[in-house]
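Here's the structure we're looking at; comments come further down.
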Amino acid sequence: MKKLPNGFEVIQLFEQFSPKAYAVEGDKIGLQIGTLNKKIHNVMITLDVVESVIDEAIEKSVDLIIAHHPPIFRAIKKLTTDSTFGKMIEKCIKHNIAIYAAHTNLDVANGGVNDLLAQALNLSQLDVLVPTYEDKLKKLVVFVPSTHEKQLREALGHAGAGHIGNYSHCTFATEGEGGFLPLDGTNPYIGKKGNLEYVSESRVETVFPTSIEKKVIQAMLKSHPYEEVAYDIYALDQKGLTLGLGRIGVLPEELTLAEFAEHVKKSLDVERVRLVGDPNSKIKKVAVLGGDGNKYIQQAKFKGADVYVTGDLYFHVAHDALMMDLNVIDPGHHVEKVMIKGVSAKLSSMCTDKNFNVNISGSEIDTNPFKFI
């Protein structure tokens, strides 16, 4: 039977995909309006939170909105229901709609905004454009009866431990002899209270990123037969998974800047783009960063991009790009709308795997404030 989750369970699941720790310092993320302490029937994913989106949520009986752009980003000095913003907040409270924001953490996450943009542009051989977060590696060493070694190794692999390059479930085991004396109050899986026992055991080793430590330990404890599990965790010097803002990759074939601009318009569903550079220049390596990417043009140039795709390009930054011989295409900030479909599909899949009886939908409201005439 499917389970009707509460808000904490839905967000806990979402944060496995887009942890708060990924966000840049000072970003306004997390629950901003309402409560998660309630049952969730309907979740809506949106890029922006505006009054028309709230009206849509009311019509669809939405309990929880997950937004990319935080509705509360700057300090609020007053909140009156005479203002448009105040009316929007009032509607949320009256209709018990919670709003949760995932901003730069969703930009950084694997499969998040920037991966979705790179995928839409058909880029391959992806790398992070601006590193902001390293998921440090740790090593787990655990001792288990030899009879349960295989079971334990498989459980650790299924929990995400043991990823090395393109290999998963990487573990190592050595045989040995464990000794223990069960004392009063114990219920030993092997042996009897008061008797010193010597058991054939395996020392199992594996590595895991710090972000999934709790999940790995839970899997270890669940698959282990002992009531008291002996294990060690070590911090490693090896470089862990590096995450960050933006992506850089290559096109399947070389295009002119003019041809690539048409590709951007079609792939990201925009009417117009702003272009900086020679329309006849050749494009193969592409950097992309959703939202306002003005401060990162140096990184795009340093990483060898032929063109940088980002929004909200400033006039003087465009001049800087020309002087450093970097082509730029500005399709607007609103192309981040790719997250609506992408996050809806990801969260729906995760909820299905957890057997949650919850409906995930994307907002159908166009929140782009700009019109082209």
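The values are calculated or read from the model by the stated rules, or taken from the named source; none is laboratory data. Everything numeric in this text was worked out from a predicted model, so none of it was measured. For neighbour counting, all protein chains shown are included, and Cβ atoms are generated from backbone atoms with ideal geometry for every residue, glycine included. Please note that ligands, DNA and RNA were not included when accessible areas were found on the heavy atoms of the full protein model with its side chains. Shrake-Rupley method; radii C 1.70, N 1.55, O 1.52, S 1.80 Å.
Results, tabulated for the structure shown:
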quantity: Pair list, Cβ under 6 Å, 6 or more apart: the stretch 358-371 residue touching a residue at least 12 places away in the same chain (Cβ under 8 Å) and closer than 26 Å to LYS2 by Cβ, other residue open to solvent by 20 Å² or more (accessible area, probe 1.4 Å) and among the hydrophobic types (A, V, I, L, M, F, W, C); calculated: GLY362/ILE340
quantity: Index of the failed condition, GLU197 passing every other in (1) surrounded by fewer than 17 Cβ atoms within 10 Å (Cβ to Cβ); (2) within 30 Å of LYS285 (Cα to Cα); (3) out of contact with any Cys (no Cβ under 9 Å at 6 or more places or on another chain); calculated: (2)
quantity: Residue among GLU177, GLU149, GLU134, GLU154 that alone is more than 25 Å from LYS20 (Cα to Cα) and assigned to a strand (DSSP E or B); calculated: GLU177
quantity: Filter result (farther than 16 Å from LEU31 by Cβ and either of a type in the set (Val, Ile, Thr) or open to solvent by 30 Å² or more (accessible area, probe 1.4 Å) (or both)) within the stretch 93-114; calculated: LYS94, HIS95, THR104, VAL108, ASN110, GLY111, VAL113
quantity: Test: residue in the stretch 342-356 that is in contact (Cβ under 8 Å) with a residue 40 or more places away in the chain, part of a strand (DSSP E or B) and among the aliphatic types (A, V, I, L, M); calculated: no
quantity: Per-region count, the stretch 177-212, residues acidic (Asp, Glu) and at pLDDT 95 or above; calculated: 3
quantity: Selected residue [under 19 Å from MET339 (Cα atoms) and exposed (fewer than 15 other Cβ atoms within 10 Å of the Cβ)] from SER61, SER18, SER52; calculated: SER52
quantity: Hits in the stretch 164-183 - residues which are in contact (Cβ under 8 Å) with a residue 12 or more places away in the chain and open to solvent by 50 Å² or more (accessible area, probe 1.4 Å); calculated: ILE164, HIS169, PHE172, THR174, GLU175, GLU177, GLY179, PHE180, LEU181
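Every residue, every condition in (1) farther than 29 Å from GLY246 by Cα; (2) of a type in the set (Ser, Thr, Tyr); (3) in contact (Cβ under 8 Å) with a residue 12 or more places away in the chain, yes or no:
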| site | (1), (2), (3) |
| --- | --- |
| LYS2 | yes, no, yes |
| ILE11 | no, no, yes |
| GLN16 | no, no, yes |
| ILE40 | yes, no, yes |
| MET44 | no, no, yes |
| LEU47 | no, no, yes |
| ILE54 | yes, no, yes |
| PRO71 | no, no, yes |
| ALA75 | no, no, no |
